[in-house]
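A.B. asks: One structure, as structure tokens, below. Some questions next.
The values are calculated or read from the model by the stated rules, or taken from the named source; none is laboratory data. What you are looking at is a predicted structure, and each value in this text was computed from that prediction instead of being measured. With ideal geometry, Cβ positions are generated from the backbone for all residues, glycine too; neighbour counts draw on all protein chains shown.
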Amino acid sequence: MSFHSIDYLLFLPLVVVLHFLTPQRWRWVVLLAVSMGFYAAWRLDFLWLLWVSTLVDYLVARRMPGVATPWKRRALLGVSLTVNLGLLFTFKYFALFANTGLQLLHGGDAGAFDPVNLLLPLGISFYTFQTLGYTIDVFRGRRKPETHLGYFAVYVMYFPQLLAGPIERPGSLLPQLHKTRVFDVGVAAAGGALMLIGYFKKLVIADRLAAIVPQILQSPSDHAPLTVLLAAFGEIYRYYADLSGYADIAIGSSLILGIRLTRNFNRPFSAVSVSEFWQRWHITVSRWFRDYVYLPLGRGKGKAWRKPVATFVTMVLVAMWHGAAWTWLAAGVITGLVMIGEGWLRRSPSAAAISHRLARIGGLTRPVEVGVQNALNRVVLWVLLIGIGSMLSAPSWAHVGGVWMQILRIPSSLFAMPGDLLSSVALVPRYLLIAILALEAYQWLDAREPVFQRLRQRRLWISWGFYLALIAVILMFGTFDKPGFLYFNF
């Protein structure tokens, strides 16, 4: 069952009514049943994977406080890591390594063997990390284990964020499940408004870009160089609109039930550095890797190599979490190296001294100097984003090379054919350009004061007019025949 299906639009109101009509002590039963049904609508036979992760981590965490010996506690944690990461590796990464090995054995001829294909269980990257975070927190003594199996099962399988997050921490979601909630019209309205923004991102922007961008990147030589450049950026923006759209619908759906989920995107394209971009993009995943990978690896005094190594390893793992492909690995390696360079420049006294000296020679004030530095940082960030965008839909490294060969021809092509700019922009429908600009303007306003709160302070016809107009735009310009969200590939 997909969020943008009629089935879900009928399913959610029924769940809300059933949830609030049920006494608090039995609401976990309702949420668990509807969550299992929600997942079973995709594949009933994969429910066992959810229950394996749930039972293993529930039992391991319950056992930990009673174990005094450190090595036994580590052994229990090892059981959780082995089971969860073993299942994740088998279903998500085994085919990649197996097919790469077979291709090497056949001299690089991919057509000489039948490739290994395993169906990727929906949500496995999300609920695996959610349960692991819980077990690690119990191991570290940062929280007590949940004693009620039913509530813990809901924490793992809660349907709005089961398939694609946000990845919730136990200290955030579990207490809300125990808390008595009453239906709040204002909160539900805020959730519905957020869902509409998510549908706008997904159906009007992401799916429309999906009909244009991948085809250009898969045949770059057939298009003007500037067109290929815009397509590479369009691909990364498509991922943003699709992923953040899903997160908005998930958070909005949960808000209608009175349960607040963690924000997952915060205007990443307004970042002024690669590091800041990843702090704003897929926030719950970035924080998970920060807390459970980066900080443990980077701790330690007197060893300057720890933080760069921790940064590199973390970004490689973040990239591979996003996609089981060598292009994603390459994106992680490049991003890690760029972030190490950023960190060195930020901490280096000599780099700061050179910057100040150049500013004095140029007669720049301190604010202007900072502005120039931010502009240069943004150039690096956007070059990296375009590079990642060129890889996401590429069927082979040859296609990636073809994309960059075309991009490098931009200066000469514009000199020879000044009309390239107009022809490149003309490929994008006007309503799509307007939709992207409107979304960026909406997010800029929302960052300063939530648009929902702004509209609540206006007359009723203004707020209703805005959301009815948004619904009309989604119905007129949205694409409703796409299979699902990009998150489902994670």
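A.B. asks: Look at GLY363 and say whether it is outside the structural domain of PHE94 (by TED's automatic domain parsing) and either closer than 18 Å to TYR239 by Cα or among the basic types (Lys, Arg) (or both).
C.D. replies: No.
A.B. asks: Hey, another quick one. Can you tell me which residue is surrounded by the fewest Cβ atoms within 10 Å (Cβ to Cβ) among those in the range 61-93 that are more than 13 Å from ARG140 (Cα to Cα) and of a type in the set (Lys, Arg)?
C.D. replies: LYS72
A.B. asks: Would it be correct to say that SER219 is hydroxyl-bearing (Ser, Thr, Tyr) and free of Cβ contacts under 8 Å to residues at least 12 places away in the same chain?
C.D. replies: In short, yes.
A.B. asks: Okay, next question. Checking the condition part of a loop (DSSP other than H, G, I, E, B), over 30 Å from GLY186 (Cα atoms) and touching a Leu at 6+ places or on another chain (Cβ under 8 Å), which residue from ALA324, ALA310, ALA319, ALA304 passes? Explain how you work it out, then say what you get.
C.D. replies: Values: ALA310 fails: part of a loop (DSSP other than H, G, I, E, B); ALA319 fails: part of a loop (DSSP other than H, G, I, E, B); ALA304 fails: touching a Leu at 6+ places or on another chain (Cβ under 8 Å).
It is ALA324.
A.B. asks: A further question follows. Only residues that are within 25 Å of the chain's Cα centre (by Cα), farther than 21 Å from ALA210 by Cα and without any contact (Cβ under 8 Å) to a residue 24 or more places away in the chain: list them for the range 452-482, please.
C.D. replies: none
A.B. asks: Looking for whichever is within 19 Å of ILE283 (Cβ to Cβ), aliphatic (A, V, I, L, M) and assigned to a helix (DSSP H, G or I) here; the options are LEU173, LEU177. Which one fits?
C.D. replies: Every option except LEU173 fails the conditions.
A.B. asks: Name the one entry in PHE200, PHE233 that is touching a Gly at 6+ places or on another chain (Cβ under 8 Å) and surrounded by fewer than 23 Cβ atoms within 10 Å (Cβ to Cβ). Don't jump to the end; show me each part of the working.
C.D. replies: Details: PHE200 fails: surrounded by fewer than 23 Cβ atoms within 10 Å (Cβ to Cβ).
When all the criteria are applied, what remains is PHE233.
A.B. asks: A further question on this structure: What residue, of PHE20, PHE94, is within 23 Å of LEU132 (Cα to Cα), out of contact with any helix residue (DSSP H, G or I) (no Cβ under 8 Å at 6 or more places or on another chain) and not assigned by TED's automatic domain parsing to the domain that holds ILE471?
C.D. replies: When all the criteria are applied, what remains is PHE94.
A.B. asks: Restricting attention to the range 303-316, does a residue exist that is closer than 20 Å to ILE167 by Cα, buried (at least 20 other Cβ atoms within 10 Å of the Cβ), not assigned by TED's automatic domain parsing to the domain that holds PHE126 and not hydrophobic (A, V, I, L, M, F, W, C)?
C.D. replies: Scanning the range 303-316, I find at least one residue that is closer than 20 Å to ILE167 by Cα, buried (at least 20 other Cβ atoms within 10 Å of the Cβ), not assigned by TED's automatic domain parsing to the domain that holds PHE126 and not hydrophobic (A, V, I, L, M, F, W, C), so the answer is yes.
A.B. asks: Please work out which residue is nearest to the chain's Cα centre (by Cα), limiting yourself to the range 277-301 and to residues that are surrounded by fewer than 20 Cβ atoms within 10 Å (Cβ to Cβ), of a type outside the set (Gly, Ala, Ser) and not in a helix (DSSP H, G or I).
C.D. replies: Step by step, filter the range 277-301, then rank; the result is ARG299.
A.B. asks: Residue under question is LEU470, and the condition is that it be assigned to a helix (DSSP H, G or I), in contact with a Leu (Cβ under 6 Å, 6 or more places away or on another chain) and of a type outside the set (Phe, Trp, Tyr); does it hold?
C.D. replies: Yes, satisfied.
A.B. asks: Would you call GLY107 assigned to a loop (DSSP other than H, G, I, E, B), more than 24 Å from the chain's Cα centre (by Cα) and assigned by TED's automatic domain parsing to the domain that holds ALA153?
C.D. replies: It is true that GLY107 is assigned to a loop (DSSP other than H, G, I, E, B), more than 24 Å from the chain's Cα centre (by Cα) and assigned by TED's automatic domain parsing to the domain that holds ALA153.
A.B. asks: Looking at (1) under 30 Å from TRP444 (Cβ atoms); (2) crowded, with 21+ Cβ neighbours inside 10 Å, which is the only condition TYR155 fails?
C.D. replies: (1)
Residue by residue, here is whether (1) of a type in the set (Ser, Thr, Tyr); (2) assigned to a helix (DSSP H, G or I) holds:
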site	(1), (2)
VAL79	no, yes
THR82	yes, yes
ALA98	no, yes
PRO115	no, no
PRO121	no, no
TYR127	yes, yes
GLN130	no, yes
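A.B. asks: Condition test on GLY419, is it out of contact with any Leu (no Cβ under 6 Å at 6 or more places or on another chain), at pLDDT below 85 and surrounded by fewer than 14 Cβ atoms within 10 Å (Cβ to Cβ)?
C.D. replies: On the way: out of contact with any Leu (no Cβ under 6 Å at 6 or more places or on another chain): yes; at pLDDT below 85: yes; surrounded by fewer than 14 Cβ atoms within 10 Å (Cβ to Cβ): yes.
Spelling it out, GLY419 is indeed out of contact with any Leu (no Cβ under 6 Å at 6 or more places or on another chain), at pLDDT below 85 and surrounded by fewer than 14 Cβ atoms within 10 Å (Cβ to Cβ).
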